Amino acid sequence: MEAGGERFLRQRQVLLLFVFLGGSLAGSESRRYSVAEEKEKGFLIANLAKDLGLRVEELSARGAQVVSKGNKQHFQLSHQTGDLLLNEKLDREELCGPTEPCILHFQILLQNPLQFVTNELHIIDVNDHSPVFFENEMHLKILESTLPGAVIPLGNAEDLDVGRNSLQNYTITPNSHFHVLTRSRRDGRKYPELVLDKALDREEQPELSLTLTALDGGAPPRSGTAQINIQVLDINDNAPEFAQPLYEVAVLENTPVNSVIVTVSASDLDTGSFGTISYAFFHASEEIRKTFQLNPITGDMQLVKYLNFEAINSYEVDIEAKDGGGLSGKSTVIVQVVDVNDNPPELTLSSVNSPIPENSAEIVLAVFSVSDLDSGDNGRVVCSIENNLPFILKPSVENFYTLMSEGALDRETRSEYNITITVTDLGTPRLKTKYNITVLVSDVNDNAPAFTQTSYTLFVRENNSPALHIGGVSATDRDSGTNALVTYSLLPPQDPHLPLASLVSINADNGHLFALRSLDYEALQAFEFRVGATDRGSPALSSEALVRVLVLDANDNSPFVLYPLQNGSAPCTELVPRAAEPGYLVTKVVAVDGDSGQNAWLSYQLLKATEPGLFGVWAHNGEVRTSRLLSERDAAKHRLVVLVKDNGEPPRSATATLHVLLVDGFSQPSLPLPEAAPAQAQADSLTVYLVVALASVSLLFLLSVLLFVAVRLCSRSRAASVGRCSVPEGPFPGHLVDVSGTETLSQSYQYEVCLTGGSGTNEFKFLKPIIPNFVAQGADRVNEANPSFRKSFEFS
């Protein structure tokens, strides 16, 4: 008994040490409050705001809350006054049972910053229970041979109060033969023993009736009574005796029902009915009778229901052995319940912070506590979460944990986390509890819109209709909500001379681009500009992309004939000697096209002729040549219509009218027909045609200058013969310029063709194009060709 008491004191010392260490981890001084049990709901315990040194407004702003162990809320905190109030009527006996002092631990949880304040509430016992006997009436049989001083055990009373309010002593009335002694068990409970003061005489008084009174120490004291009926027996001088006065047995709490946990044994030296022993519980409590069953013959003690270490960890059972003569002996069985790991850990969530903004580091997501009803390693728990999550668990005081983000979160990578908190005890086998917390990540405008392409190329055919949809740009934003709404706009052009505002517009909502006016390839072949995409976040983020618009050529320009001019003036007559060979070059039709590419490729064909078959036109260069030998029967005058057509779709065309005069005795040698080239020569590059065209035009330009000189001389000469001259009038259009490889000319040329008469003989001359640097040389050649002109030629 003394060794057990010392062990109990050491356990309490270790428990007090852990409580002291846990309180020191809270980072705040622990406070103890006290309140008497049975106080009504709303009873004021203390003003926490004052005790914590906080204003009532600050207490509310920091989200103060009272956290109790388990799911019961014994307290409530008024945020208007800062008072700590009772949430329900407290019954000390229900909360703590026989434990004294009765302490309720609770914590004050403050946030921003996170702070725990550990507190204790001492529930003061009130004398609200009277001692109660398990049996209101006791029947005793005492041998008349019992000697004075004999001790007879009596049934004890129980008082649910503790301390001074608990059961203190027993009294008995009347007391002429007996007095009562008050004894204490190891657990502190008091029980009575009846002591015989005076020998009994069955013949004088066979029965006695006594009143046993149990008194507590309250003020005023409370009491309970039981009636003792004593029957004086004839001599049976040997009472049963147990083999052991105390049985101690350890039983696992998961021991099956109906298992025999211990067998008690007693013997009696008497014989006959005085020596027959039966076993029974001696004044056992209702809990003991519901838990154990005693075989009255064998003394086997069995379980009738499962044990629960967390509810009751030990039982003290008194067993009585009684013989046939009514004598009895008593023994005590101590049942120690051994804990097994049969309770999974429990998790109590105090607060959850969701959603949380992205890009914020070390945010408290949840605060929770864990507990396990088991003891020892079975009651020790560890918490964990998945390793692949950006969160950590930080232990706090008294099995409290905080779940925090380990670093900045990115909503675009993951917008929702399902966190499984696993609580595992250290028992065998290990039991675990899983608790799921869903955390949402709210968006922050940290992503600028991104175009699907860094640059866009759009194609628009010229002569488009205004407000034509020519294409679009697209940008996406990885953010969500208003942060992902994109607005498109045109950025100021880098070229200050580009009238971007009059060329294109953009739909601010979808990025569609529209041409505001009709585009002309010949005026603007391409232009580029920048488009911006801006989200609606705060602050707004933006990006830009380059848009290049290429204007596609349309066949909207007909060929223009440079030579011969078709301006309504006197037609230009080409002179061809009748002795010309087939393939003789009569003239060349020169034309240009303002378009480009295929739309500017020109082809020539003879549309009409006075005498078909006499002349032909080369399709690629516009040269007009004789197709056969000329005869006297051929008409002297011929009219040719040459069709000039481009390669567009649909093709456009123009016509040139030529007048050809066949003459006899033409002094110029005929131009030889170029040798027939192989088939691939007809596919020479366009550059060869351009060179030939330039050479021809240059020759005609020189002839025009010489013709002009001849006309001046003809007007002053008195020769008999009269010369006839046809000169095209009016300048060529100045806008016909080189467009890079389209077989057109780089400058305007003017030609003159003259027919002159000599003294008695007619002579035709083709005058070469006039070149300013060679005017003098041209004049000398004219003088040499016709010496009769030398006298009449004058420079004015």
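Descriptive notes on the structure:
- The range 400-474: GluC sites (Glu not before Pro) falling in loop per DSSP and having at most 12 other Cβ within 10 Å: E406
- For the range 43-201, alpha-carbon Rg relative to the globular expectation (2.2 N^0.38 Å, N residues): 1.68
- Tail fraction, Cα-Cα pairs, the range 31-124, threshold 22 Å, whole percent: 25
- Placing pseudo-labels 7 Å out from each Cα toward the beta carbon at T271 and A523 gives an inter-label distance of 14.8 nm.
- Full extension of the segment from D300 to S285, taken as 0.36 nm per residue of separation minus the current Cα-Cα distance, would add 3.5 nm.
- Computed over the range 346-442, Cα set: Rg, Dmax in Å: 14.3, 46
- Counting Cα-Cα pairs of the range 184-271 in 10 Å increments starting at 0 gives whole-percent bin shares of 10, 23, 29, 26, 10, 1.
- Residue-count net charge about Y488 - beta-carbon cut-off 14 Å; Lys, Arg +1, Asp, Glu -1: -2
- Per residue, in Å², the accessible surface of the range 450-552 once ligands and nucleic acids are set aside, probe 1.4 Å: 53
- Restricting the chymotrypsin sites (Phe, Trp or Tyr not before Pro) of the range 157-266 to loop positions (DSSP other than H, G, I, E, B) with no more than 12 neighbouring Cβ atoms within 10 Å leaves nothing.
- Distance between the 7 Å Cα→Cβ label points at S34 and L491: 7.8 nm.
- Cα-based radius of gyration of the range 516-675 once divided by 2.2 N^0.38 Å, which approximates compact folds: 1.69
- Label-point gap, in nm, between L95 and T428 - each point 7 angstrom along Cα→Cβ: 3.9
- P(r) weight above 21 Å for the range 450-552, C-alpha pairs, percent: 34
- Whole-Hz Karplus values for the range 105-118 come out as 9, 8, 10, 9, 9, 10, 10, 6, x, 6, 8, 10, 10, 8 Hz, taken residue by residue from phi with 6.51 cos²θ - 1.76 cosθ + 1.60 and θ = phi - 60°; glycine and proline positions read x.
- Sum of side-chain charges, E88 neighbourhood, beta-carbon under 12 Å (Lys, Arg +1; Asp, Glu -1): -1
- Bridges between two residues of the range 31-124, per DSSP, are antiparallel at a rate of about 75%.
- Against the compact-protein benchmark of 2.2 N^0.38 Å, the Cα-based radius of gyration of the range 252-366 scales to 1.88.
- Legend: residue pairs K305/K432; K608/K645; K305/K330; K89/K190; K290/K330; K608/K637, Cα-Cα distance threshold 19 Å; pairs beyond threshold, K305/K432; K305/K330; K89/K190; K290/K330.
- Protection proxy ranking, highest mean first, for peptides 448-456, 388-396: 448-456, 388-396, where packing is the per-residue count of other beta-carbon atoms within 10 Å, averaged.
- Set of aspartates and glutamates with alpha-carbon distance to K41 below 14 Å, sequence-local pairs under 8 removed: D83, E88, D91
The values are calculated or read from the model by the stated rules, or taken from the named source; none is laboratory data. Predicted model, so just to flag it, every value in this text is computed and none were measured. Positions of Cβ are generated from backbone atoms using ideal geometry, with glycine treated the same way; all protein chains shown enter the neighbour counts. These accessible areas exclude ligands, DNA and RNA; they are computed on the full protein's heavy atoms, side chains included. Shrake-Rupley method; radii C 1.70, N 1.55, O 1.52, S 1.80 Å.
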